[in-house]
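A.B. asks: Okay, handing you the structure first.
The values are calculated or read from the model by the stated rules, or taken from the named source; none is laboratory data. Keep in mind that this is a model prediction, so the values were computed, not measured. FYI the Cβ positions are ideal-geometry reconstructions off the backbone, even for glycines, and counts take in every protein chain you see. Accessible surface areas use protein heavy atoms only, side chains included; no ligands, DNA or RNA. Shrake-Rupley method; radii C 1.70, N 1.55, O 1.52, S 1.80 Å.
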Amino acid sequence: MSEPVIFMEDVRKIYSMGEQEVHALRGISFSVEQGEFMSIMGPSGSGKSTCMNMIGCLDRPTSGIVKIGGRETAKMTEKKLAELRNKTIGFVFQQYHLLPTMTVLENVMVPLRYQGIERALRRDMALSALEKVGLSDRINHLPNELSGGQKQRVAIARATVTKPAIILADEPTGALDSATGKAVLELFGEINSTGTTIVIVTHDPGIGASTRRCVRILDGMIQGDEKR
Ligand SMILES: Nc1ncnc2c1ncn2[C@@H]1O[C@H](COP(=O)(O)OP(=O)(O)O)[C@@H](O)[C@H]1O
Ligand SMILES: [Mg+2]
């Protein structure tokens, strides 16, 4: 079998807050093959976002091994890590994190800037990503002129425009009504069918049940890993 796209071994994260230590991750190990569609599910405070931050190289573990695309992240400089993140991972958040003063099209073009792609091509790539999420008729709108579901589609277009190996989504349907959330999940399914690895972090058992694999996390430890 080829190398997993995500590899975590005995990953621990301790947040120090003055005298107090919070053990957010207490020895997490799992690996994800390219093309998997999985959720990481657990109640609030169980360590899901911390785990996502480790996979996404947004923060470093206190100990343990994190390999993304076969590369061990511990030895990488911040600059190399930022490069790896930009090339390999697309992020989707509950609150969309769109830039409010930029149009839909400009928001989707942002990640391509860091790849040194010329403007005309950036525009074409962003238009194509927006077409895939069904928003070709909203490209000149500002984020606050869109519904929640449309904002999340823009965020998904922005996450996919660089053609990353992995999409990491933290509670992507958390701010949406159930029908809109379901449509967003279906969109992730479509993206997955083209070979992109999808990892959705959620407290929602309904989402956990809808992905092909579900890793359950509780108190910073893995409780179960179901594949179906
Ligand atoms: N930056 C931080 N500093 C201190 N404690 C944190 C920080 N981030 C998270 N925690 C704590 O770590 C634990 C796990 O948090 P988190 O990963 O956000 O859980 P979840 O996403 O499952 O709700 C919680 O007890 C939380 O309070
Ligand atoms: Mg969280």
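A.B. asks: Quick one: pull the percentage of alpha-carbon pairs in the range 25-68 with a separation above 12 Å. Show your work: numbers first, answer last.
C.D. replies: Values: 618 of 946 pairs.
The proportion of pairs with Cα distances above 12 Å equals 65 percent.
A.B. asks: Now for a separate question. In percent, what relative contact order does the chain have, based on Cα pairs under 8 Å that are 6 or more apart in sequence? Each step should come with its number before you reach the end.
C.D. replies: On the way: 441 pairs, mean separation 67.9, N = 228.
With pairs under 8 Å counted, the relative contact order is 30 percent.
A.B. asks: At a 10 angstrom cut-off on C-beta neighbours, averaged per residue, how do the peptides 197-205, 143-151, 214-222 rank from highest to lowest? Walk me through the numbers before you get to the answer.
C.D. replies: Values: 197-205: 21.6, 143-151: 16.0, 214-222: 19.1.
Top to bottom by mean Cβ count within 10 Å: 197-205, 214-222, 143-151.
A.B. asks: In the chain, if the dipole is taken from +1 on Lys/Arg beta carbons and -1 on Asp/Glu beta carbons about the Cα centre, which of I166, G64, C214 is farthest to the positive end?
C.D. replies: So the residue we want is I166.
A.B. asks: Taking the square root of 5 times each eigenvalue of the Cα gyration tensor, what semi-axes in Å does the equivalent ellipsoid of the chain have, largest first? Don't skip to the end; give the middle numbers.
C.D. replies: Working: eigenvalues 164, 81, 58 Å².
Those come to 29, 20, 17 Å.
A.B. asks: Let me spell out the model: positive unit charges on the Cβ of Lys and Arg, negative unit charges on the Cβ of Asp and Glu, origin at the Cα centre of the range 169-228. What dipole size does that give, in debye rounded to 20? Write out the running numbers ahead of the final one.
C.D. replies: Working: 6 positive and 9 negative charges, 60 e Å.
Dipole size: approximately 280 debye.
A.B. asks: Plugging the Kirkwood radius over Cα pairs into Stokes-Einstein for the range 103-221, at a temperature of 20 °C and a viscosity of 1.002 mPa s, what D comes out in µm²/s?
C.D. replies: Values: Rh = 15.1 Å.
Approximately 142 µm²/s, per Stokes-Einstein.
A.B. asks: Could you state the accessible area per residue of the range 98-228 in Å², with a 1.4 Å probe and every protein chain left in place? Spell out each step's value before the answer.
C.D. replies: Values: 6180 Å² over 131 residues.
Normalised by residue count, the accessible surface of the range 98-228 is 47 Å².
A.B. asks: Evaluated at 25 °C with a viscosity of 0.890 mPa s, what Stokes-Einstein diffusion coefficient in µm²/s does the range 68-144 have when Rh comes from the Kirkwood expression over alpha-carbon pairs?
C.D. replies: Details: Rh = 14.1 Å.
Result for D is 174 µm²/s.
A.B. asks: Then there's this: What distance in nm lies between label points placed 7 Å from Cα along the C-beta direction at L142 and Q34?
C.D. replies: Between L142 and Q34, the simple spin-label model gives 4.2 nm.
A.B. asks: How fast does the range 37-107 diffuse by Stokes-Einstein, in µm²/s, taking the Kirkwood radius from C-alpha pairs at 4 °C and 1.567 mPa s? Intermediate results must be reported in sequence, preceding the final value.
C.D. replies: Details: Rh = 14.2 Å.
D, rounded to a whole number, is 91 µm²/s.
A.B. asks: If you don't mind, there's one more thing I want to ask. Under unit Cβ charges (Lys, Arg +1; Asp, Glu -1), what dipole magnitude, rounded to 20 debye, does the range 76-204 have relative to its Cα centre?
C.D. replies: Values: 15 positive and 14 negative charges, 100 e Å.
Roughly 480 debye, rounded to the nearest 20.
A.B. asks: Using unit Cβ charges (K, R positive; D, E negative) and no other charged atoms, how large, in debye to the nearest 20, is the dipole of the chain about its Cα centre? List each step's numbers first, then the result.
C.D. replies: On the way: 28 positive and 26 negative charges, 99 e Å.
In total the dipole reaches around 480 debye.
A.B. asks: Ignoring ligands, DNA and RNA, what percent of the 1.4 Å accessible area of the chain is carbon and sulfur? If you can, show how the numbers build up before the last one.
C.D. replies: Numbers: 5640 of 11130 Å².
Percent of accessible area from carbon and sulfur atoms in the chain: 51.
A.B. asks: Using the Cα centre of the chain as origin and beta-carbon charges of +1 (Lys, Arg) and -1 (Asp, Glu), tell me which of V22, G47, M76 is placed farthest towards the positive end of the dipole.
C.D. replies: M76
A.B. asks: A further question on this structure: So for the range 1-148, if I pair up every lysine 8 or more residues apart or on another chain, how many of those pairs have alpha-carbons under 15 Å apart? Can you show the working numbers first?
C.D. replies: Working: K13/K48; K67/K75; K67/K80; K67/K87; K79/K87.
Qualifying lysine pairs in the range 1-148: 5.
A.B. asks: Hey, another quick one. Starting from the residue with the highest accessible area, list E9, E131 in decreasing order, probe 1.4 Å. Could the numbers behind the result be given before it?
C.D. replies: Working: E9 85, E131 125 Å².
Final ranking, largest accessible area leading: E131, E9.
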